[in-house]
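Here is the structure we will look at, set down as structure tokens.
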């Protein structure tokens, strides 16, 4: 039991954490900015090698973790242009918890959004990003290619 229980507990927590980091995905517009989110000024970052700057990790996984806060400040304007989600004072496990509880309003209050969005619009955006993605990127590319071919034939 001393090996089996910790092994399965650790595997479960790692899977939960990884899934939690990749819940807000904008399926129609694949982008590293919209395939995860950031959590800043939270306890988790002090114990997890700044893993809360997860959009930065997706943009360049070779960046050293100690540079993430500085890089975040340099990239913040671009993240805002790309509508990357960032939450203040809350970690990945809490974000997941509030998603599962259906309390996107709490997450909207924790979101740092310089965009001109009301709380209701932000909640709708989060709901859109939580929808299941039914097509793979390859399927979307094939559909787009077929649509372009059809347009060319009509010209």
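We did not get these values from a lab; they are worked out from the coordinates using the rules stated. Small disclaimer: the values here were computed from a predicted structure and weren't measured. Quick reminder, even Gly has a Cβ in these numbers, built from the backbone with ideal geometry, and neighbours come from all protein chains shown.
Of note:
- Mean Cβ neighbour count within 10 Å, used as a protection proxy, ranking 112-121, 15-24, 2-11 highest first: 15-24, 112-121, 2-11
- Distance between the 7 Å Cα→Cβ label points at residue 124 and residue 82: 2.5 nm.
- Each peptide in 69-78, 86-95, 41-50 receives the mean, over its residues, of other Cβ atoms within 10 Å, and ordering these scores from highest gives 86-95, 41-50, 69-78.
- Listed from fewest to most Cβ neighbours within 10 Å, the set 127, 110 follows the order 127, 110.
- Between residue 5 and residue 61, residue separation times 0.36 nm minus the direct Cα-Cα distance comes to 17.0 nm.
- Three-way shape call for region 79-155 based on the alpha-carbon gyration tensor, with the a/c threshold at 1.5: prolate
- Computed on the chain, the Cα convex hull volume stands at 171 Å³ per residue.
- Shape class for region 74-122, computed from the alpha carbon gyration tensor (a ≥ b ≥ c): oblate, with a/c not under 1.5 and a/b at or below b/c.
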